[in-house]
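The values are calculated or read from the model by the stated rules, or taken from the named source; none is laboratory data. This one's a predicted model, so the numbers in the text were calculated from it and none came from an experiment. Ideal geometry is used to build each Cβ from the backbone, glycine not excepted, and the neighbour counts take in all protein chains shown.
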Amino acid sequence: MNEVYVVTVGLAGVMAAILGGALPVSSRVGAAVALTWVSCAAALAAAVSVLHSGHVIALSTSAILPLTGVTVVLDPLGALFVIAISVVALASTLYWLGYASHGLATRSASSALPLFVTSMLLVPFAASVATFLVLWEMMALTSLVLVLTDQSRREAARSAAQWYAVMTHAGAAAILLALVLLSAHSGGQTFADIEAHARHLSGALRGTIFVIALLGFGSKAGAVPLHVWLPKAHAEAPGPASALMSGAMVNLGVYGIILVGNVLLGGGPVWWWLLVSALGVVSALYGALYAATSSDLKRLLAYSTVDNMGLVLIALGASGLFAASGHRTTAAIAMVAALLLMVNHSVFKGALFLAAGAVQIATGTRDLDRLGGLMRRMPVTGVVFLVGALSVAALPPFNGFVGEWLLLQGLLHGLPTSNTSVVISVSAAVAALALTGGLTVAAFVKATGIGFLGRPRSDEATAAHEVAITMRLGAGALAALCLVLGLVPMLVLPAIERAAASAGRVGAASSTSGWVSLHLLGLRGVLAPSLLAAGLAGAALVVIVIRRHAHRRRNAWPAVNSVEPWGSGRRVQTARMQYTATSFAEPLQRVFDDVIRPSRDLDVSHVIESRYYIERIAYRTSNDDVIERQFYRPFIASVRWWGQRARWLQNGSVHRYLAYGFLALVIVLVVVA
């Protein structure tokens with residue numbers, strides 16, 4: 001019966017893509033969404049079955065891929081990723097029903113989106129090198145098509161697609177090299193064969209393979225400095241595609257690191273995980289800083305994805321460090337924290353990107369400096385964004401809080417160790433967690449306060465209205481799940497523990513005590529999310545009662561006046577009196593000026609009659625990605641320079657081309673001899 005689930009996932013996804021490209025515009029999106037839901041439901045049923053029973057699903061056939069065949073195995077680790085992808089995909093495709101009329105109902109998009117979802121669902125099923133690489137490449141190509149959806153109208157979409165295509169295929173080349181090296185030394189291309197023989201490889205070869213795989217999968221996860229495609233592609237993709245890419249696709253980069261490092265190679269020395277932790281610390285700080293200083297709403301969310309994936313990598317690196325140094329209990333806690341952070345990120349980032357897509361549809365802009373007042377005009381979208389913002393800021397009682405609390409507990413309990421490198425790494429991780437927490441709060445206070453509160457700063461924001469009901473339902477479902485997972489994380493923790501045990505080869509580190517509190521087995525740490533939420537609700541109720549009492553006695557206290565929220569106490573308020581996103585981030589930008597290195601341009605226009613009188617002053621500032629500006633663009637310029645210099649090699653002369661062939665033949669003969 002379980003094998004039927006696997007077949008259904010693939011067949012339903014392929015049929016959805018075929019109908020999406022073949023049916024007329026009036027019915028293609030509905031048919032594609034319905035069949036994509038069938039695919040997601042089958043994958044979800046298979047994953048739940050594996051996590052509940054503990055038995056893997058295995059299927060092998062030679063009827064699909066020639067020579068190599070297809071091998072699929074779903075274990076508890078892969079099942080957890082399948083569930084996260086399924087949940088985000090169900091909400092995003094429901095959202096797609098209302099979004100389709102805004103440019104996402106073309107034949108190419110209607111075919112690409114179901115294939116994108118299906119390939120992501122099947123990647124964790126892959127149990128051989130050939131199967132994995134085919135599904136991985138399908139995922140990359142279909143997501144590239146979705147990024148190109150608006151390329152005819154937006155130059156930025158074409159540029160983002162170019163960056164994404166180059167970076168994702170460079171990462172795929174690294175993944176291919178790592179898996180081929182593993183396969184060549186194991187005598188087989190199935191993951192079972194590789195796992196059985198990988199332990200006998202030399203330490204140098206194992207380390208080389210891990211580093212290559214980390215670079216390949218790290219680029220998909222958006223790890224700095226391999227992240228440059230992510231703020232571009234996620235910002236330019238349509239709303240549902242952005243939610244899928246940020247809430248689901250980047251998770252598979254983390255899955256690949258765990259697959260190669262923990263499962264296939266069976267763990268490694270301390271320096272492997274120091275490298276992973278370092279990538280996580282840099283990614284978390286870099287992403288949080290650029291999110292806090294960005295004025296583009298979707299770009300802010302994209303950099304927040306870099307930040308959150310950095311936290312996942314910190315937890316993953318800490319798990320490996322503790323396991324390599326013999327602290328298996330804290331290693332298991334860190335692995336549970338990594339997987340819980342991944343699940344939570346899928347939910348709240350999916351909700352945030354869907355809300356941002358609704359804002360872009362309603363206003364025609366993503367520029368926070370031109371938004372404002374959307375909470376009154378788009379109340380459902382505003383509440384969804386607010387819930388997502390509170391979740392990503394790790395504030396109780398929402399789901400982001402539990403994951404970061406668990407990570408902090410694991411890091412703090414892992415400090416008593418005699419290994420100096422572990423102590424330094426863990427201390428840096430704790431500091432990064434604290435600093436990114438503050439920067440994330442600043443980023444989302446800016447996004448929510450500037451974008452949704454206050455007064456509208458443009459005619460587009462003034463005329464904004466709520467989007468289609470299916471768009472609100474899709475985003476609202478993920479927002480509701482943020483609250484549910486924050487109040488009752490024990491709903492998913494047993495499944496996460498089983499996945500962590502499968503990934504880290506250690507026993508479950510945490511156990512739940514009833515449905516009220518979360519205890520850490522063997523460590524001093526207790527969290528009761530529902531009781532904490534009840535306390536916060538009680539405090540809020542007290543404030544409401546006091547405010548109502550004061551309102552009733554306002555006539556007795558004539559000095560007390562009601563003023564507009566975000567009005568700084570002023571009775572007369574205009575949009576020009578309020579902070580913009582740029583001015584809100586200016587203090588942070590000045591503090592981190594040496595890191596961000598923003599570009600500034602001052603244009604002074606003088607009166608025609610006299611240069612001593614100024615007619616206009618224009619000041620512009622932009623926060624281009626410093627790594628892209630300082631490293632990638634000079635590299636691209638050097639490649640272009642060498643390409644232009646190499647043109648003299650081809651001048652159209654047949655004699656010269658024959659000489660090239662003769663020279664190549666001579667070199668081959670000399671080498672062979």
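Taken as a whole, the structure leaves Ala192 outside the set of residues that are within 25 Å of Val626 (Cα to Cα), in contact with a strand residue (DSSP E or B) (Cβ under 9 Å, 6 or more places away or on another chain) and in contact (Cβ under 8 Å) with a residue 12 or more places away in the chain.
Going by the conditions given, is Ser27 closer than 25 Å to Val336 by Cβ, polar (S, T, N, Q) and assigned to a helix (DSSP H, G or I)?
No: the conditions fail for Ser27.
Would you check if His413 is out of contact with any Cys (no Cβ under 9 Å at 6 or more places or on another chain), under 30 Å from Ser101 (Cβ atoms) and not β-branched (Val, Ile, Thr)? Here the answer is no, as His413 does not meet what is asked. Checking each residue in the range 376-389 for being among the hydrophobic types (A, V, I, L, M, F, W, C) and crowded, with 22+ Cβ neighbours inside 10 Å picks out Met378, Val384, Phe385, Val387, Ala389.
For the range 219-261, a tally of residues being small (Gly, Ala, Ser) and farther than 18 Å from Trp272 by Cα returns 11.
For Val666, state whether it is outside any helix (DSSP H, G or I) and surrounded by 10 or more Cβ atoms within 10 Å (Cβ to Cβ). Against the criterion (outside any helix (DSSP H, G or I) and surrounded by 10 or more Cβ atoms within 10 Å (Cβ to Cβ)), Val666 does not qualify.
Within the range 454-471, the residues that satisfy the criterion of being at pLDDT below 90, crowded, with 17+ Cβ neighbours inside 10 Å and of a type in the set (A, V, I, L, M) are Ala461, Ala464.
If you go through the range 48-55 one residue at a time, do you hit one that is among the aliphatic types (A, V, I, L, M), surrounded by fewer than 21 Cβ atoms within 10 Å (Cβ to Cβ) and either without any contact (Cβ under 8 Å) to a residue 24 or more places away in the chain or closer than 24 Å to Ser108 by Cα (or both)? No: the range 48-55 contains no residue that is among the aliphatic types (A, V, I, L, M), surrounded by fewer than 21 Cβ atoms within 10 Å (Cβ to Cβ) and either without any contact (Cβ under 8 Å) to a residue 24 or more places away in the chain or closer than 24 Å to Ser108 by Cα (or both).
I'm trying to understand the selection: among the residues of the range 597-629, which are surrounded by 11 or more Cβ atoms within 10 Å (Cβ to Cβ) and out of contact with any strand residue (DSSP E or B) (no Cβ under 7 Å at 6 or more places or on another chain)? Answer for the range 597-629, where residues must be surrounded by 11 or more Cβ atoms within 10 Å (Cβ to Cβ) and out of contact with any strand residue (DSSP E or B) (no Cβ under 7 Å at 6 or more places or on another chain): Arg597, Asn623, Asp625, Val626, Ile627, Glu628, Arg629. Evaluated against (1) closer than 29 Å to Glu155 by Cα; (2) part of a helix (DSSP H, G or I), Gly207 falls short on exactly one condition, (1).
Of all residues in the range 365-391, those being more than 13 Å from Pro456 (Cα to Cα) and under 24 Å from the mean Cα position of the chain (by Cα) number 13.
Restricting Gly222, Gly256, Gly261 to residues that are farther than 24 Å from Ser92 by Cα and either among the hydrophobic types (A, V, I, L, M, F, W, C) or surrounded by 20 or more Cβ atoms within 10 Å (Cβ to Cβ) (or both) narrows the list to Gly261.
Note on the range 81-108: residues that are touching a Phe, Trp or Tyr at 6+ places or on another chain (Cβ under 9 Å) and at pLDDT 90 or above amount to 7. The single condition among (1) in the same structural domain as Ser295 (by TED's automatic domain parsing); (2) more than 23 Å from Ala443 (Cα to Cα) that Leu658 does not meet is (1).
Counting the residues of the range 390-408 that are surrounded by 24 or more Cβ atoms within 10 Å (Cβ to Cβ) and of a type in the set (Phe, Trp, Tyr) gives 1.
Being in contact (Cβ under 8 Å) with a residue 12 or more places away in the chain and surrounded by fewer than 24 Cβ atoms within 10 Å (Cβ to Cβ) narrows it down to one residue among Gly373, Gly357; which is it?
Only one candidate passes the filter, namely Gly373.
Please determine, by comparing only the residues of the range 571-596 that are outside any helix (DSSP H, G or I) and free of Cβ contacts under 8 Å to residues at least 60 places away in the same chain, which one is surrounded by the most Cβ atoms within 10 Å (Cβ to Cβ). This residue is Arg571. Regarding Ala302, is this residue at pLDDT below 90, of a type in the set (A, V, I, L, M) and in contact with a Lys or Arg (Cβ under 9 Å, 6 or more places away or on another chain)? Considered against the rule, which asks whether it is at pLDDT below 90, of a type in the set (A, V, I, L, M) and in contact with a Lys or Arg (Cβ under 9 Å, 6 or more places away or on another chain), Ala302 comes out as no.
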